[in-house]
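The values are calculated or read from the model by the stated rules, or taken from the named source; none is laboratory data. This one's a predicted model, so the numbers in the text were calculated from it and none came from an experiment. Counting neighbours? That spans all protein chains shown, and the Cβs are built from the backbone with ideal geometry, glycine included. In case anyone asks, the SASA skips ligands and DNA or RNA and just uses the protein heavy atoms, side chains included. Shrake-Rupley method; radii C 1.70, N 1.55, O 1.52, S 1.80 Å.
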Amino acid sequence: MSDRSSERVPANGTVHWVGAGLSTGSGLARLCDTADRVRLWHRTEERAAEALAHLGLTGRAEPSAYTLEALAAALAPGDIVVSMLPAPEHAGILAACVRARAHFACSSYVSDAVLELVPAATQAGIVVLTEAGLDPGIDHLFAHSLVARAREAIGDGTAASYSLTSYCGGVPAVPNDFRYRFSWAPAGVLNALRSPARYVEDGAETVAERPWEATRRHVVDGEAFEVYPNRDSVPFVEQYGMPPAWKPQTFVRGTLRLEGWLRAWDAVFEELKGGDDTRIAALARELAATYPTTDADRDRVVLAVSLSVRGGDGQAWAGSYLLDLVGDEEESAMARCVSRPLALGVRHTLEGALPAGLNRAAETAARSEEWLRELALDGVEFTLRVDA
């Protein structure tokens, strides 16, 4: 290993926040309090300045017009780049960070394109922080915490069966006829529904080609919702550190919607069954126009993670986390829940607490407990219930 990669590049105090969409909230303000210099990159310098004014950050961060070339030219060793752009944009930004020896952070899942760059990033001594938002992000923190508590109670070597469910959703605080409020790009919502979901049900791996067809009723704290599996849950059995002696009866990470959503979206599902990419893109635009989000709307974020374990000797343990937040006039609940964990991870990068290479919001139970304590102090409220 060369001298260049023998140690992590020290963060120099400069943060580049790229994108000012629906998930950019008070996390950016938190970084303005802790970083020496913050630049907000948006489509134009004028749009960036407007976004800063909306967030009350005029004069506290510098507005800049984003292109990948302009960002790359501005980077210096030890800078931190926070990408709030769609996931397909991350690899290009990370490649620029590797060349400049600048750290990288995002709230998205680790893509194959990002994974390919991790060895070069590690060699360059830079932090690659991913899955540090709400879902993925806070859901990982909850899961790692529950698994550690269950392992302590039951024991790693004890034969046991378990059920883990992790459901998250952004929904209207005041239910509407559509039973939904777009808290991220409509095209992204529709394309996620077009992707098959893999999960464990009744002790066996299961694939739902059309995830909405696996929707079921799910009660959280006495309130009924509808939930369905999302993406591929199976790799998270290992990521969450489930003991090999424990066998999953249920293991699903999925999406939560208001009761009545399945019925309200029936026409949308018919389009998804037969529509091609062009038609689905047009449908996304139509839905955005038909169900616009106004300044008066308030969103609600519900994240419910539960784990129950039963050993063959009769031992049993169950625990659950619930986050249930409503947006206010200053920011949406979604923006708060995505941007504050991400800002927390960036702060840890500024402090030198994260190693070079790939990092997720939660790699260990100890880090999860630390981040959860800090998030609770920062206004991201949640409850833990344990039945031993």
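Tabulated values for the structure
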read-out: Test: residue in the stretch 46-56 that is in a loop (DSSP other than H, G, I, E, B), at pLDDT below 95 and over 24 Å from the mean Cα position of the chain (by Cα); value: yes
read-out: Whichever residue in the stretch 202-217 is crowded, with 18+ Cβ neighbours inside 10 Å and out of contact with any Leu (no Cβ under 7 Å at 6 or more places or on another chain) and, among such residues, is nearest to T290 (Cα to Cα); value: A214
read-out: Odd one out for L117, checked against (1) touching a helix residue (DSSP H, G or I) at 6+ places or on another chain (Cβ under 7 Å); (2) in the same structural domain as P244 (by the TED database); value: (2)
read-out: Matching residues in the stretch 334-375 - criterion: being among the small types (G, A, S) and open to solvent by 50 Å² or more (accessible area, probe 1.4 Å); value: A353, A366
read-out: Residue within the stretch 76-84 that is without any contact (Cβ under 8 Å) to a residue 40 or more places away in the chain and open to solvent by 20 Å² or more (accessible area, probe 1.4 Å) present; value: no
read-out: Of residues in the stretch 160-190 being farther than 20 Å from I138 by Cα and polar (S, T, N, Q), the one modelled with the lowest pLDDT; value: N176
read-out: Single residue of A214, A264, A208, A224 found to be within 30 Å of T24 (Cβ to Cβ), more than 21 Å from the chain's Cα centre (by Cα) and modelled with pLDDT of 95 or more; value: A264
read-out: Some residue of the stretch 18-29 being closer than 25 Å to I126 by Cβ, buried (at least 17 other Cβ atoms within 10 Å of the Cβ), at pLDDT 95 or above and of a type in the set (S, T, Y); value: no
read-out: Which listed residue is over 23 Å from Q315 (Cα atoms) and of a type in the set (S, T, N, Q), from S108, S145; value: S108
read-out: Conditions (1) of a type in the set (S, T, Y); (2) in the same structural domain as S145 (by the TED database); (3) under 20 Å from the mean Cα position of the chain (by Cα); number of the one not met by T293; value: (3)
read-out: Members of the stretch 36-48 found to be open to solvent by less than 40 Å² (accessible area, probe 1.4 Å) and over 18 Å from L344 (Cα atoms), listed by number; value: W41, H42, A48
read-out: Within the stretch 276-380, helices (runs of 4 or more DSSP H) holding 2 or more residues that are without any contact (Cβ under 8 Å) to a residue 12 or more places away in the chain; value: 277-290, 365-377
read-out: Residue list for the stretch 230-251, filter: open to solvent by less than 10 Å² (accessible area, probe 1.4 Å) and either assigned to a strand (DSSP E or B) or touching a His at 6+ places or on another chain (Cβ under 9 Å) (or both); value: Y240, W246, F251
read-out: Residue identified as assigned to a loop (DSSP other than H, G, I, E, B) and either open to solvent by 10 Å² or more (accessible area, probe 1.4 Å) or touching a residue at least 12 places away in the same chain (Cβ under 8 Å) (or both) among P10, P63; value: P10
read-out: Unique residue being more than 22 Å from K247 (Cβ to Cβ) and free of Cβ contacts under 8 Å to residues at least 12 places away in the same chain when the list is V171, V207, V219; value: V219
read-out: In the stretch 179-204, residue farthest from A245 (Cα to Cα) [restricted to those that are part of a strand (DSSP E or B) and small (G, A, S)]; value: A197
read-out: From the options A150, A105, A95, A121, residue that is at pLDDT 95 or above, within 21 Å of the chain's Cα centre (by Cα) and either aliphatic (A, V, I, L, M) or not in a helix (DSSP H, G or I) (or both); value: A105
